[in-house]
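Visitor: After the structure tokens below, expect a handful of questions from me.
The values are calculated or read from the model by the stated rules, or taken from the named source; none is laboratory data. Remember, it's a predicted structure, so these values are computed and weren't measured experimentally. Cβ coordinates were reconstructed from backbone atoms using ideal geometry, including for glycine residues, and neighbour counts include every protein chain displayed. These area figures cover heavy atoms from the full protein model, side chains too; ligands, DNA and RNA do not enter into them. Shrake-Rupley method; radii C 1.70, N 1.55, O 1.52, S 1.80 Å.
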Amino acid sequence: MSAHGIWLIKNLVGNLLLPPLGLCIMGFAGFLLLKRKPRLGKSLLALSLALLFLLSMPLVANGLMGLLEKNIQTLNPAVARTADAIVILGGGVYHDAPEYGADTVGGLTLERLQYGAYLQRKTGLPLLVAGGSPEGGTAEAVLMKRTLEQEFKVPVRWAETRSLDTAQNAQFSAAILKAAGVRRVWVVSHAWHLPRAQIAFEGQGLTFIPAPTRFANVAGSRAGPEIFDYLPQARALLKSHYALHELMGMLWYKLSSF
């Protein structure tokens, strides 16, 4: 099977298991079983609704993100001399953007580029951007390079354009970096994504130094939970989706050679 076919299957399975689709399937199965097996049907319906409510609560979503971010610290500028390059991982493409008349980087990717550009200006370290085109069109790394050079005015030395996922980000980036004599890298991504990225990059023999941005579980100056932390919100469900996706991915990495 082709790499693209494997990517499609992995993403399909992930969507079937993760909210909201996984919960919809559970609830629909419960509905179908109401007449034949009413106890089981009611249990599945109740469980799907309960999980939807819980995963949509900011308190629960932030707790899941906290599991991922608990060991991720903000980057200390003092470690600049310990890195040879900066790697920025792609986070999605905004396809056929009507305001630009072409593909451009997605919102998550743009947030990573902003921090990567900041680090490059402070240190002068060479940049590598990573991201292929699993959905067709221009490779994400090409769009990332264009945005960094045209919008942020920072140079990009390498563009890894073949990868379809985080594991391949690491695999193909490592080949480029090792050929250039680079072994120690800052890796820029969202804080919640870096634990999985670390498994992938260290598996390729690189020294991984996390450079996190956009922490999702930030308490700020609040003394404790507020009433809105207990009320379901669409943004919280998205956070839960991301967190569960990362936790599933980390488990997969540990059970396979990815």
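Visitor: Do we have any residue at all in the stretch 95-112 that's of a type in the set (Val, Ile, Thr), at pLDDT 95 or above and part of a loop (DSSP other than H, G, I, E, B)?
Guide: The answer is no, given that none of the residues of the stretch 95-112 is of a type in the set (Val, Ile, Thr), at pLDDT 95 or above and part of a loop (DSSP other than H, G, I, E, B).
Visitor: Next question. Touching a helix residue (DSSP H, G or I) at 6+ places or on another chain (Cβ under 9 Å), free of Cβ contacts under 8 Å to residues at least 40 places away in the same chain, under 26 Å from Ser163 (Cβ atoms) and open to solvent by 80 Å² or more (accessible area, probe 1.4 Å): which single residue out of Tyr94, Tyr118, Tyr100 fits that description?
Guide: On the way: Tyr118 fails: touching a helix residue (DSSP H, G or I) at 6+ places or on another chain (Cβ under 9 Å); Tyr100 fails: touching a helix residue (DSSP H, G or I) at 6+ places or on another chain (Cβ under 9 Å).
Only one candidate passes the filter, namely Tyr94.
Visitor: While we're looking at this one, here's another question. Regarding Ala130, is this residue buried (at least 20 other Cβ atoms within 10 Å of the Cβ), modelled with pLDDT of 95 or more and either among the hydrophobic types (A, V, I, L, M, F, W, C) or under 21 Å from the mean Cα position of the chain (by Cα) (or both)? First the steps, then the outcome.
Guide: Details: buried (at least 20 other Cβ atoms within 10 Å of the Cβ): yes; modelled with pLDDT of 95 or more: yes; either among the hydrophobic types (A, V, I, L, M, F, W, C) or under 21 Å from the mean Cα position of the chain (by Cα) (or both): yes.
Taking the combined requirement at face value, the residue satisfies it.
Visitor: Further question on the same structure: Is it fair to say Lys153 is outside any helix (DSSP H, G or I), among the charged types (D, E, K, R) and either under 15 Å from Glu202 (Cβ atoms) or modelled with pLDDT of 95 or more (or both)? Talk me through it step by step, then tell me what you get.
Guide: On the way: outside any helix (DSSP H, G or I): yes; among the charged types (D, E, K, R): yes; either under 15 Å from Glu202 (Cβ atoms) or modelled with pLDDT of 95 or more (or both): yes.
Yes, satisfied.
Visitor: With the condition kept exactly as written, say whether any residue in the stretch 94-106 is among the β-branched types (Val, Ile, Thr) and over 21 Å from His245 (Cβ atoms).
Guide: So the first thing to find is which residues in the stretch 94-106 are among the β-branched types (Val, Ile, Thr), and the list is 104-105.
Restricting the remaining residues to those that are over 21 Å from His245 (Cβ atoms) gives 104.
Taking every residue of the stretch 94-106 in turn, at least one turns out to be among the β-branched types (Val, Ile, Thr) and over 21 Å from His245 (Cβ atoms).
Visitor: I'd like to check something: does the stretch 65-82 contain any residue that is under 19 Å from Ala191 (Cα atoms), among the charged types (D, E, K, R) and surrounded by fewer than 19 Cβ atoms within 10 Å (Cβ to Cβ)?
Guide: Going through the stretch 65-82, the residues under 19 Å from Ala191 (Cα atoms) turn out to be 65-77, 79-80.
If we keep only those that are among the charged types (D, E, K, R) too, we end up with 69-70.
If we keep only those that are surrounded by fewer than 19 Cβ atoms within 10 Å (Cβ to Cβ) as well, we get 70.
Yes, some residue in the stretch 65-82 is under 19 Å from Ala191 (Cα atoms), among the charged types (D, E, K, R) and surrounded by fewer than 19 Cβ atoms within 10 Å (Cβ to Cβ).
Visitor: List, please: which pairs have Cβ atoms under 8 Å, are six or more places apart or on different chains, and start with a residue in the stretch 175-193 that is assigned to a strand (DSSP E or B) and end with one that is surrounded by fewer than 15 Cβ atoms within 10 Å (Cβ to Cβ) and modelled with pLDDT under 95?
Guide: Arg184/Thr82
Visitor: Those residues that are closer than 24 Å to Tyr242 by Cβ, touching a strand residue (DSSP E or B) at 6+ places or on another chain (Cβ under 8 Å) and either buried (at least 22 other Cβ atoms within 10 Å of the Cβ) or without any contact (Cβ under 8 Å) to a residue 40 or more places away in the chain (or both), I need them from the stretch 136-147; list them, please. It would help to see each step written out before you state the result.
Guide: Here is the first cut: in the stretch 136-147, the ones closer than 24 Å to Tyr242 by Cβ are 136-137, 139-141, 143-144, 147.
Next, from what is left, pick out any that are touching a strand residue (DSSP E or B) at 6+ places or on another chain (Cβ under 8 Å): 137, 139-141, 143-144, 147.
Ala139, Glu140, Ala141, Leu143, Met144 - these are the residues of the stretch 136-147 that are closer than 24 Å to Tyr242 by Cβ, touching a strand residue (DSSP E or B) at 6+ places or on another chain (Cβ under 8 Å) and either buried (at least 22 other Cβ atoms within 10 Å of the Cβ) or without any contact (Cβ under 8 Å) to a residue 40 or more places away in the chain (or both).
Visitor: Here's another thing I want to ask about it. Do any residues in the stretch 46-61 that are touching a residue at least 40 places away in the same chain (Cβ under 8 Å) and in a helix (DSSP H, G or I) have Cβ atoms under 8 Å from those of residues that are acidic (Asp, Glu) and open to solvent by less than 60 Å² (accessible area, probe 1.4 Å), where the two are at least six apart or on different chains, and which pairs are they?
Guide: Taking only residues 6 or more apart or on different chains, the pairs are Pro58/Asp229; Leu59/Asp229.
Visitor: Can you pull out every residue in the stretch 202-224 that is in a loop (DSSP other than H, G, I, E, B), at pLDDT 95 or above and over 20 Å from Ser240 (Cα atoms)?
Guide: Gly203, Gln204, Gly205, Leu206
Visitor: If you scan the stretch 154-181, which residues turn out to be open to solvent by 10 Å² or more (accessible area, probe 1.4 Å), touching a Pro at 6+ places or on another chain (Cβ under 9 Å) and under 22 Å from Trp192 (Cβ atoms)?
Guide: Once the filter is applied, which keeps residues that are open to solvent by 10 Å² or more (accessible area, probe 1.4 Å), touching a Pro at 6+ places or on another chain (Cβ under 9 Å) and under 22 Å from Trp192 (Cβ atoms), the stretch 154-181 yields Leu164, Asp165.
Visitor: Moving on. Is it fair to say Asp84 is under 29 Å from Arg196 (Cα atoms) and over 23 Å from the mean Cα position of the chain (by Cα)?
Guide: Working: under 29 Å from Arg196 (Cα atoms): yes; over 23 Å from the mean Cα position of the chain (by Cα): yes.
Yes; evaluated as a whole, the condition is true for this residue.
Visitor: Next up: Is it true that Val105 is open to solvent by less than 10 Å² (accessible area, probe 1.4 Å) and aliphatic (A, V, I, L, M)? Quick ask: steps written out before the conclusion?
Guide: Values: open to solvent by less than 10 Å² (accessible area, probe 1.4 Å): no; aliphatic (A, V, I, L, M): yes.
When the stated conditions are applied, Val105 does not pass them.
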